[in-house]
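Report on the following structure.
The values are calculated or read from the model by the stated rules, or taken from the named source; none is laboratory data. All of these numbers come straight from a predicted model, not from anything done at the bench. No Cβ is skipped: glycine too gets one built from the backbone with ideal geometry, and neighbour counts run over all protein chains shown. Accessible surface is based on the protein model in full, side chains and every heavy atom, while ligands, DNA and RNA are left aside. Shrake-Rupley method; radii C 1.70, N 1.55, O 1.52, S 1.80 Å.
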Amino acid sequence: MDKFGKSQSVKRSEDSRFLTGAGQYVDDIAPEGALFAYFLRSPVAHADIAQLDVSDARDGEGVACVLTQADLLSAGLEANLPGVRMDNRDGSKGAGPERPLLANGRVRYVGEPVAVIVAETLDQARDAAEAILFDYEDRDVHLDLVRGGEQLHDDVPENLAFDWGLGDELATEAAFASAAHVVSLEIGDNRIIANSMEPRGAFAEWDGDKVHLANNGQGVWGPKGELARVLKLDEANVRVTNPDTGGGFGMKGMIYQEPLIVAYAAKIIGKPVRWIGERSESMMSDNAGRDLVSVAELAFDENLKVTAYRVKSSANMGAYNSQFAQAIQTNLFARVLMGVYDVQSTWLQVDGIYTNTTPVDAYRGAGRPEAIYVLERLMDRAARELGVSGYDLRRRNFIAPEAFPYKSATNETYDVGDFDRVLSRAEEFADVAGFATRKAQSARSGKLRGAGLCYYIESILGDPSESARVEFNEDGTVSIYVGTQSNGQGHETVYAQFLSDQTGIPTEMIEVVQGDSDRIKQGGGTGGSRSVTVQNTATLATVETMIKAFVPYIAEKMGVDAEDVTFDDEQFRADGSNLHPTFLEAAEMARSDGRDDLMVHEERTTLPARSFPNGAHLAEVEVDPETGQVTLEKYTVVDDFGNLINPMLAEGQVHGGVAQGIGQALMEHVVFDDEGQLLTATFMDYAMPRASDMPMIGFATEAVPSTANVMGMKGCGEAGTVGAMAAAANAVQDALWDAGVRQADMPFTPHRVWQMLKEAKDRAA
């Protein structure tokens with residue numbers, strides 16, 4: 001990777017301020033004197049609003065305003081949130097129920113915002129909320145992932161959000177009818193909560209007719225457009241900034257009500273208004289993840305080659321549509337439906353069901369982990385039923401290296417891959433040959449030991465276009481303006497490191513500017529593992545433009561022809577000249593000569609195709625049959641991320657992703673009672689993985705550079721989670737198989753595992 005980056009493990013420059021408490025998070029930088037917003041939320045999952053009287057609250061001490069949906073509508077606001085609609089199987093559009101900013105006539109999930117109170121202090125706002133007369137008439141709730149039941153929206157029969165299919169259903173049915181072997185499995189994917197380190201929050205302030213909204217999201221242009229639409233403003237009068245943000249995972253990439261309402265409240269009050277969610281509030285009101293059940297089937301010929309794959313899923317949409325939820329559960333799922341296997345016929349069918357749970361359901365690399373989890377759990381089951389090694393079965397069905405570029409049955413073109421090579425490296429690295437010895441050692445201690453494999457692939461999604469602008473500042477520093485948004489991934493380090501690699505400008509002289517719609521005219525935000533690949537492609541193009549612009553100027557200074565000047569990633573040079581300035585020196589010379597045209601350079605690029613990171617995750621667990629306790633003993637990852645800029649940060653991304661996936665597999669689980677009340681609304685009830693739950697993670701890369709971008713990169717942001725869920729689940733299933741357990745679904749809490757073992761023992765008896 002000498003040409004496009006030195007692939008050095010550089011420590012994150014931003015960590016110094018984060019670890020010393022100097023981070024500039026949204027609640028740290030709210031304007032002095034900003035008022036506090038507090039949202040009254042529905043205490044029930046489904047009810048008609050009989051009365052909503054806020055008059056006493058408006059008279060409360062320190063209260064500046066109280067707003068309901070009726071107030072927003074009477075003010076002429078577009079008081080709703082957008083929701084994507086996919087095409088149904090019959091060609092009609094999926095459901096499109098209105099999602100109001102504040103509940104309008106009915107509440108549909110516990111935690112739905114009903115009113116907002118703005119006061120001088122948060123305690124005053126809370127006290128005023130207690131004075132609101134909110135009377136309601138209960139309706140039955142709908143929690144099951146099936147059509148029918150109490151209808152959430154008058155215009156959505158049977159609570160069916162969409163009914164979607166992809167593939168060749170008839171060809172798939174024919175392949176199953178003629179198959180030598182058919183393996184099927186019902187696979188549950190339990191609901192989880194994002195629980196980003198920093199809860200969602202925002203503040204808003206006005207300067208005349210212009211609003212500034214600071215929002216801790218995953219980009220600024222989506223909120224900017226929605227704020228302009230809701231408040232009916234010219235976009236030139238809307239500035240959105242995204243300060244330091246403590247985690248996003250896709251959950252913060254969507255548009256929510258609270259920032260929009262906070263901005264309107266600040267307008268009518270004439271003072272800045274701030275809001276930060278509390279943890280339990282976030283658990284109720286944030287978009288949740290997963291929560292689907294799939295029946296998956298594989299058809300094999302007599303040589304154990306997969307001939308067809310069929311999946312029917314029921315996916316929880318929550319109570320409303322979001323910008324992305326329907327799409328995430330359909331086309332994003334489908335992009336990695338086939339995994340790394342050479343399959344000619346496939347059929348995917350998804351029912352999206354509305355339920356009285358959270359607002360909507362979609363996040364954490366949604367689509368990729370779900371698809372790979374289903375496929376790799378099924379592949380593991382197939383190996384057991386067909387009596388072959390899981391490694392052997394996968395190898396028989398891998399897309400061969402010479403078959404690339406390979407067009408999948410779901411119309412996705414993989415550019416490159418060498419899956420056998422990556423898997424072989426993982427087997428050696430994880431010491432698969434020594435597993436039998438480790439299993440025997442566990443057995444002597446009365447424990448069950450299991451090993452699980454997942455070979456994943458994901459596609460880099462999101463907007464393929466991005467811009468980069470480089471500006472030489474008067475103080476001798478350089479600013480690079482980027483359209484993505486860090487949520488803790490280390491963008492400040494990576495982008496400065498890459499620009500330094502290409503220009504020779506020291507990293508300490510480079511400022512990375514992100515998250516400001518006034519300073520950056522366009523950007524795609526962060527999501528889908530797109531950031532480093534698309535952003536650095538734009539940076540590379542900008543550097544090329546910088547060099548082309550400076551060469552004629554430097555040639556004139558050198559007294560040579562422009563075609564004789566070269567740039568060697570550190571200095572401009574030409575034979576016969578003893579002048580060899582660095583970029584910073586060249587910029588200083590140009591500024592002295594009044595060449596302002598050389599001070600700013602910008603390019604926008606579009607990736608021609610997606611790239612496909614892939615890799616093997618191998619997990620080993622030990623189960624105590626007396627207590628059901630599952631301990632993750634060993635975890636190994638070998639990834640093909642293509643070329644890397646900073647391997648250490650890539651490894652850190654994988655560690656975090658693995659912890660997410662393991663958290664879901666072993667302990668994270670959302671529970672509602674029969675009335676739709678969230679029973680896991682605090683960390684006393686909702687388990688999160690701790691350092692003691694994780695072993696040291698073995699990490700290595702086996703690069704097969706992508707052809708979809710000039711740098712050969714593939715992205716890595718979500719890869720850890722995509723592989724971890726199935727690897728851990730397959731390991732637990734392996735440990736329990738000899739004890740007679742044939743159906744093992746997440747989360748593998750001690751009680752659930754103990755119950756599985758007891759039921760298997762009772763069946764055997």
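Numbers at a glance
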| read-out | value |
| --- | --- |
| Residues located in the stretch 268-318, provided they are over 30 Å from Q257 (Cα atoms), open to solvent by less than 30 Å² (accessible area, probe 1.4 Å) and outside any loop (DSSP other than H, G, I, E, B) | S294, A296, L298, A299, F300, V306, A308, Y309, V311 |
| Residue within the stretch 594-617 that is in contact with a Ser or Thr (Cβ under 9 Å, 6 or more places away or on another chain) and either assigned to a helix (DSSP H, G or I) or loosely packed, with under 15 Cβ neighbours inside 10 Å (or both) present | yes |
| Some residue of the stretch 82-96 being touching a residue at least 12 places away in the same chain (Cβ under 8 Å), within 20 Å of S42 (Cβ to Cβ), out of contact with any Lys or Arg (no Cβ under 7 Å at 6 or more places or on another chain) and not in a strand (DSSP E or B) | no |
| Per-region count, the stretch 12-41, residues under 26 Å from the mean Cα position of the chain (by Cα) and open to solvent by less than 30 Å² (accessible area, probe 1.4 Å) | 3 |
| Verdict on G576 being surrounded by fewer than 19 Cβ atoms within 10 Å (Cβ to Cβ), in contact (Cβ under 8 Å) with a residue 60 or more places away in the chain, among the small types (G, A, S) and more than 30 Å from W221 (Cβ to Cβ) | no |
| P625 vs. criteria under 28 Å from D738 (Cα atoms) and not in a strand (DSSP E or B) | yes |
| Every residue from the stretch 465-508 that is assigned to a helix (DSSP H, G or I), open to solvent by 30 Å² or more (accessible area, probe 1.4 Å) and under 21 Å from A650 (Cβ atoms) | E492, T507 |
| A587 being within 30 Å of Q24 (Cβ to Cβ), open to solvent by less than 70 Å² (accessible area, probe 1.4 Å), among the small types (G, A, S) and outside any loop (DSSP other than H, G, I, E, B) | yes |
| Only listed residue being at pLDDT below 95, closer than 30 Å to T241 by Cα and either of a type in the set (S, T, N, Q) or touching a strand residue (DSSP E or B) at 6+ places or on another chain (Cβ under 7 Å) (or both), chosen from S479, S408, S486 | S486 |
| Sole exception among (1) outside any loop (DSSP other than H, G, I, E, B); (2) in contact with an Asp or Glu (Cβ under 8 Å, 6 or more places away or on another chain); (3) not aliphatic (A, V, I, L, M) for C65, by number | (2) |
| Residue check, S322 in contact (Cβ under 8 Å) with a residue 12 or more places away in the chain and open to solvent by 10 Å² or more (accessible area, probe 1.4 Å) | no |
| Filter pass, E235 being open to solvent by 10 Å² or more (accessible area, probe 1.4 Å), acidic (D, E) and under 23 Å from the mean Cα position of the chain (by Cα) | no |
| Candidates G417, G462 - the one that is farther than 30 Å from S500 by Cβ and either open to solvent by 20 Å² or more (accessible area, probe 1.4 Å) or not aromatic (F, W, Y) (or both) | G417 |
| Of residues in the stretch 64-102 being of a type in the set (S, T, Y) and surrounded by fewer than 16 Cβ atoms within 10 Å (Cβ to Cβ), the one nearest to E226 (Cα to Cα) | S74 |
| Qualifying residues in the stretch 46-60 (those that are in a loop (DSSP other than H, G, I, E, B) and touching a strand residue (DSSP E or B) at 6+ places or on another chain (Cβ under 8 Å)) - the one nearest to A115 (Cα to Cα) | V54 |
| Search result, residues across the stretch 653-681 that are in a loop (DSSP other than H, G, I, E, B), open to solvent by less than 30 Å² (accessible area, probe 1.4 Å) and either without any contact (Cβ under 8 Å) to a residue 12 or more places away in the chain or on the phi < 0 side of the Ramachandran plot (or both) | E668, V670, T680, A681 |
| Test: residue in the stretch 635-652 that is part of a loop (DSSP other than H, G, I, E, B) and at pLDDT 95 or above | no |
| Scope the stretch 278-296; condition out of contact with any helix residue (DSSP H, G or I) (no Cβ under 7 Å at 6 or more places or on another chain) and either farther than 23 Å from F36 by Cα or of a type in the set (G, A, S) (or both); matching residues | S280, S282, S285, A288, G289, D291, V293, V295 |
| Single residue of A726, A687, A760 found to be out of contact with any strand residue (DSSP E or B) (no Cβ under 6 Å at 6 or more places or on another chain) and either in a helix (DSSP H, G or I) or under 30 Å from D501 (Cβ atoms) (or both) | A760 |
| Those residues of the stretch 204-218 which are touching a strand residue (DSSP E or B) at 6+ places or on another chain (Cβ under 9 Å), open to solvent by 10 Å² or more (accessible area, probe 1.4 Å) and in contact (Cβ under 8 Å) with a residue 60 or more places away in the chain, in sequence order | E205, W206, N215 |
| Residue that is most open to solvent (accessible area, probe 1.4 Å), among those in the stretch 152-172 that are over 28 Å from the mean Cα position of the chain (by Cα) and touching a residue at least 24 places away in the same chain (Cβ under 8 Å) | D155 |
| Members of the stretch 378-406 found to be basic (K, R) and either in contact with a Gly (Cβ under 7 Å, 6 or more places away or on another chain) or open to solvent by 10 Å² or more (accessible area, probe 1.4 Å) (or both), listed by number | R381, R384, R395, R396 |
| A735 touching a residue at least 24 places away in the same chain (Cβ under 8 Å), crowded, with 24+ Cβ neighbours inside 10 Å and outside any loop (DSSP other than H, G, I, E, B) | yes |
| Verdict on R381 being more than 20 Å from L166 (Cβ to Cβ) and at pLDDT below 95 | no |
| Qualifying positions in the stretch 381-403 - without any contact (Cβ under 8 Å) to a residue 40 or more places away in the chain, under 16 Å from D301 (Cα atoms) and in a loop (DSSP other than H, G, I, E, B) | G387 |
| Y456, sole failed condition from (1) among the hydroxyl-bearing types (S, T, Y); (2) in contact with a strand residue (DSSP E or B) (Cβ under 7 Å, 6 or more places away or on another chain); (3) outside any strand (DSSP E or B) | (3) |
| Residue check for A443: modelled with pLDDT of 95 or more, touching a helix residue (DSSP H, G or I) at 6+ places or on another chain (Cβ under 8 Å) and aliphatic (A, V, I, L, M) | no |
